[in-house]
Amino acid sequence: MKNKNTTRRVVTISILISLSVIFSYFDNLISNGIFSSLRVIVPSFKIGLANIAIILFVYKFKTTEGLISIFLKSILVALLFTGPTGFMIGFPGTVLSFIVMKLLSKALKEEKYMPFVSAVGGLSHSFGQIISAFVIYGITKIEAFIVYAPLIFVISIFSGILVGIVGKKTIKLIDSFQLIK
């Protein structure tokens with residue numbers, strides 16, 4: 001029975017990694033399409049659809065499984081869409097977000113706090129990306145930080161809440177089908 005559960009868990013993780021890559025692709029399409037006017041104001045704007053899978057890793061999987069999964073997702077997204085610079089900026093934000101959300105989810109325990117946990121995760125993700133961009137591009141772009149950071153942080157909070165609501169409903173669905181044990 002343990003072998004069957006292990007196989008189910010590995011398959012579920014693989015599907016979630018695949019979905020997060022697909023969500024990243026659609027996120028890019030949506031952000032460049034429907035929200036293209038918003039990208040004029042905030043060039044790095046994305047909804048964060050891939051974070052739906054990340055929130056599932058936070059609540060339903062061990063920390064090591066989640067970290068390995070977000071690493072694999074980030075590598076795949078970099079290979080397919082963003083390139084090495086996208087990885088160097090996005091991955092630290094994803095790791096910081098995951099760790100912050102994992103700690104918050106342990107402290108708050110109940111899934112009803114998922115939208116809040118996800119909002120803090122979205123904020124953490126953006127903060128990690130901004131720090132990574134400073135490391136890569138240097139502190140000479142301080143004007144961009146002063147102008148864009150507040151907008152990015154506000155958008156991150158609202159996107160995080162949305163992702164948390166969708167994640168909460170997705171977990172209920174997963175629980176009803178007993179996909180993760």
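The values are calculated or read from the model by the stated rules, or taken from the named source; none is laboratory data. Computed from a predicted model, the values in this text were never measured in an experiment. For accessibility, only protein heavy atoms count, side chains too; no ligands or nucleic acids. Shrake-Rupley method; radii C 1.70, N 1.55, O 1.52, S 1.80 Å.
Can you say whether Ile152 is open to solvent by less than 70 Å² (accessible area, probe 1.4 Å) and outside any helix (DSSP H, G or I), as far as the supplied structure shows? Spelling it out, it is not the case that Ile152 is open to solvent by less than 70 Å² (accessible area, probe 1.4 Å) and outside any helix (DSSP H, G or I). From the list Gly86, Gly66, the one residue that fits, being in a helix (DSSP H, G or I) and at pLDDT below 95, is Gly86.
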